[in-house]
Amino acid sequence: MRAHEPRTTKSIGDIAEDIAVDHLESLGWFIIERQWAYKKMGELDIVADDGTDIVFVEVRYRARTDFGLPEQTLSPAKVSKLRRTAQMYLLMKGIRTRPCRFDVVALDMMGGKPNLRHYRNCF
């Protein structure tokens, strides 16, 4: 992206996901998929392997926290959609025996730099 082009919600989300991927890879995780989507069911931001589990990672980002932290934006409807999408992912990939879990990587830009929080086994 050129410096003079306006940033879109998608491009900002992609940057947040890049930061999350860098964090997960620094932990030694293998990134299996990014932005995996199935029809109109939903999208998984990151699917990773931590050496033990298949981890579905939801990335939440906010530039400011005036109205709450990014991790507080996960509604019950969003969680339900993520669960259904993850089940479809496992079915489509033929994964039946690996333990799985959901993590959340939350990012905000308070103080002008990314503040990252990683929550494991969230739902």
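Kindly indicate whether any position in region 76-86 is within 11 Å of the chain's Cα centre (by Cα) and within 24 Å of Pro114 (Cα to Cα).
Scanning region 76-86 turns up no residue that is within 11 Å of the chain's Cα centre (by Cα) and within 24 Å of Pro114 (Cα to Cα).
Looking at region 42-75, which of the residues that are farther than 17 Å from Ile19 by Cβ and acidic (Asp, Glu) is farthest from the chain's Cα centre (by Cα)?
Looking at the filtered set, the residue picked out is Asp66.
Filter region 44-78 down to the residues that are touching a Lys or Arg at 6+ places or on another chain (Cβ under 9 Å), closer than 24 Å to Arg98 by Cα and not in a loop (DSSP other than H, G, I, E, B) and list them by number.
The answer is Leu44, Asp45, Ile46, Val47, Asp49, Ile54, Val55, Phe56, Glu58.
Check Gly13, Gly42, Gly94 and return the single one that is small (Gly, Ala, Ser) and without any contact (Cβ under 8 Å) to a residue 40 or more places away in the chain.
Gly94
Against the conditions (1) surrounded by 16 or more Cβ atoms within 10 Å (Cβ to Cβ); (2) touching a Leu at 6+ places or on another chain (Cβ under 8 Å), where does Asp45 fall short? Just the number, please.
For Asp45, the exception is condition (2).
Does Asn121 fit the bill of being within 22 Å of Asp18 (Cβ to Cβ), in contact with a strand residue (DSSP E or B) (Cβ under 6 Å, 6 or more places away or on another chain) and without any contact (Cβ under 8 Å) to a residue 24 or more places away in the chain? Spell out how you get there, then give the answer.
Details: within 22 Å of Asp18 (Cβ to Cβ): no; in contact with a strand residue (DSSP E or B) (Cβ under 6 Å, 6 or more places away or on another chain): yes; without any contact (Cβ under 8 Å) to a residue 24 or more places away in the chain: yes.
No, not satisfied.
Restrict the check to region 81-102 and report whether at least one residue is within 17 Å of Ile15 (Cβ to Cβ) and not hydrophobic (A, V, I, L, M, F, W, C). Break it down stepwise before answering.
Going residue by residue through region 81-102, those that are within 17 Å of Ile15 (Cβ to Cβ) are none.
Among the residues of region 81-102, not one is within 17 Å of Ile15 (Cβ to Cβ) and not hydrophobic (A, V, I, L, M, F, W, C), which makes the answer no.
Out of Leu116, Leu69, report the one residue that is in contact (Cβ under 8 Å) with a residue 24 or more places away in the chain, touching a His at 6+ places or on another chain (Cβ under 9 Å) and of a type outside the set (Gly, Ala, Ser).
So the residue among Leu116, Leu69 that is in contact (Cβ under 8 Å) with a residue 24 or more places away in the chain, touching a His at 6+ places or on another chain (Cβ under 9 Å) and of a type outside the set (Gly, Ala, Ser) is Leu116.
Looking only at region 94-103, decide whether some residue is touching a Lys or Arg at 6+ places or on another chain (Cβ under 9 Å), at pLDDT below 95 and of a type in the set (S, T, N, Q).
Taking every residue of region 94-103 in turn, none turns out to be touching a Lys or Arg at 6+ places or on another chain (Cβ under 9 Å), at pLDDT below 95 and of a type in the set (S, T, N, Q).
So which residues in region 101-123 are out of contact with any helix residue (DSSP H, G or I) (no Cβ under 7 Å at 6 or more places or on another chain) and farther than 16 Å from Leu74 by Cβ?
Met109, Met110, Gly111, Gly112, Lys113, Asn115
The values are calculated or read from the model by the stated rules, or taken from the named source; none is laboratory data. None of the values given here were measured: they were computed from a predicted structure. Neighbour counts run over all protein chains shown; Cβ positions are idealised from the backbone, glycine included.
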